[in-house]
1. Report yes if some residue within segment 194-208 is free of Cβ contacts under 8 Å to residues at least 12 places away in the same chain, farther than 21 Å from residue 248 by Cβ and out of contact with any Lys or Arg (no Cβ under 8 Å at 6 or more places or on another chain); otherwise report no.
2. In segment 196-214, which residue that is assigned to a loop (DSSP other than H, G, I, E, B) and among the aromatic types (Phe, Trp, Tyr) is farthest from the chain's Cα centre (by Cα)?
3. Please enumerate the residues belonging to segment 44-88 that are at pLDDT below 95, farther than 18 Å from residue 272 by Cβ and surrounded by 15 or more Cβ atoms within 10 Å (Cβ to Cβ).
4. What number of residues in segment 220-250 are over 30 Å from residue 55 (Cβ atoms) and in a loop (DSSP other than H, G, I, E, B)?
5. Which residue out of 202, 161 is on the phi < 0 side of the Ramachandran plot and modelled with pLDDT under 95?
6. Which one of 171, 195 is in contact with a helix residue (DSSP H, G or I) (Cβ under 6 Å, 6 or more places away or on another chain) and at negative phi?
7. Test of understanding: among 187, 126, 217, 174, which residue is assigned to a strand (DSSP E or B) and either among the hydrophobic types (A, V, I, L, M, F, W, C) or free of Cβ contacts under 8 Å to residues at least 12 places away in the same chain (or both)?
8. For residue 102, all conditions in the list (1) touching a strand residue (DSSP E or B) at 6+ places or on another chain (Cβ under 8 Å); (2) on the phi > 0 side of the Ramachandran plot; (3) among the small types (Gly, Ala, Ser) hold save one; what is the number of the exception?
Amino acid sequence: MLSQVLFLLHFVTLTLGQYDICKSLVSTDDGPTWEFYACQPKPMAMKEFMQIRVDPPGITCGNPPERFCTLENPYLCSDECDASNPDLAHPPQLMQDRERSGLITYWQTVTWSRFPEPLLANISLAWNKSLELTDDIQVTFEYGRPTIMVLDKSLDKGRTWQPYQFYADDCMEAFGMPAKRVQDLSATNVTRVICTEQYSRWVGSKNEKVLRFEVMARFTIFAGPKLLNMDSLYTRMESMKGLRDFFTFTNLRLRLLRPALGGTYVQKDNLLKYFYAISNIEVPARYLSPSLFFCPPIAPPTSLLCCRKRVPSILASDKELCRTLSETKTGLILLKKHSLSADSQLYGNPILVLNSVTFANINIDKMNELVSWQHCIAETSCNTSRQSIVIPVCQIANCF
């Protein structure tokens, strides 16, 4: 028995070396207790990792050097963009630098000197991984926000694109769409692609610089105004078709279609004041792991939710284990109302079957080649009915 316990501790130690534990103190009828659960990856500032490409070639200012004006002082054109001078250059990487010195740096396009030919620019952002938004996308424009823009997203690393949101000072004129706000949406149409005029009308280039794709406002539809009911959001993420996909992407693209005009029409006698300039792009998101997707079913009709990042520690009792797992809303998988024994035909690799006092290694049939597994199975009693709770702990791959 001692050797079996030592084996289990060794197994858990190896697991915890690769996977973190999430826990929170919760109140129950039996008093305060720790709830252990499988966490999602932490939100991160994804601008640190994005790869930026701007199109078309030559859209970035400075080659050749060019003077430009501002909308506030349209006839004071003393500023210059020169790609050969580091102090006067405005390359694309300045959209993601940290600006530690306090000096605002920004990418800038050529001016609209070729009017009436449209001044078009694409900014493509790539991560080469699937991400899920956790907060608003924010794009900071230094000399006025564009009067027409489209935010696109890709789910397949830029091979195909779909509109995420339209922006215009007049949505009907620009896109033939009525203007809407995210606050106008409801639980039934939260994934609708809308056109908003909120971030495109002229209010002065220094007053309002930030253009947003509103994520938190969409979250509040399910979690409440103060996001106190996140369980409701997570439940909808799993049950509502297309909701998680809406916040998922591998690439983003800003299509800049018309620059800020200063609240008036294009003044042809001074086209040097029309251009795009972006100082910062914030994309708060988390990396998507297989923990967030359903895999092929293990025992029909039960579906398996993958989890590779977290594993619960040894809990105080079978009762606590059952309560903890049954209350977990995301990440951890549950096989409810389905008994498993040592001779069960479970698709996977060798697993460890845990009981209250006995431990045994068993070999089982191989799983579908798409997924590689190692499972830890805890057999216990919940609500007086026999269950098996399956906790995947490692070697999960290609679970999409």
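1. From segment 194-208, those free of Cβ contacts under 8 Å to residues at least 12 places away in the same chain are 203, 207; that's our starting set.
Cutting the leftovers down to farther than 21 Å from residue 248 by Cβ gives us 203, 207.
Still in the running and out of contact with any Lys or Arg (no Cβ under 8 Å at 6 or more places or on another chain): 203, 207.
Within segment 194-208, one or more residues are free of Cβ contacts under 8 Å to residues at least 12 places away in the same chain, farther than 21 Å from residue 248 by Cβ and out of contact with any Lys or Arg (no Cβ under 8 Å at 6 or more places or on another chain).
2. Within segment 196-214, the first condition is being assigned to a loop (DSSP other than H, G, I, E, B), and the residues that meet it are 197-209, 214.
Retained after the next criterion (residues that are among the aromatic types (Phe, Trp, Tyr)): 199, 202.
Details: 199: 22, 202: 30 Å.
Within segment 196-214, the match that is farthest from the chain's Cα centre (by Cα) is 202.
3. Residues satisfying the conditions are 44, 46, 47, 49, 50.
4. 8
5. 202 is the lone residue from the list that is on the phi < 0 side of the Ramachandran plot and modelled with pLDDT under 95.
6. Of 171, 195, the one residue that is in contact with a helix residue (DSSP H, G or I) (Cβ under 6 Å, 6 or more places away or on another chain) and at negative phi is 195.
7. Selected residue: 126, the only one of 187, 126, 217, 174 that is assigned to a strand (DSSP E or B) and either among the hydrophobic types (A, V, I, L, M, F, W, C) or free of Cβ contacts under 8 Å to residues at least 12 places away in the same chain (or both).
8. Going through (1) touching a strand residue (DSSP E or B) at 6+ places or on another chain (Cβ under 8 Å); (2) on the phi > 0 side of the Ramachandran plot; (3) among the small types (Gly, Ala, Ser) one by one, residue 102 breaks only (1).
The values are calculated or read from the model by the stated rules, or taken from the named source; none is laboratory data. All of these numbers come straight from a predicted model, not from anything done at the bench. Positions of Cβ are generated from backbone atoms using ideal geometry, with glycine treated the same way; all protein chains shown enter the neighbour counts.
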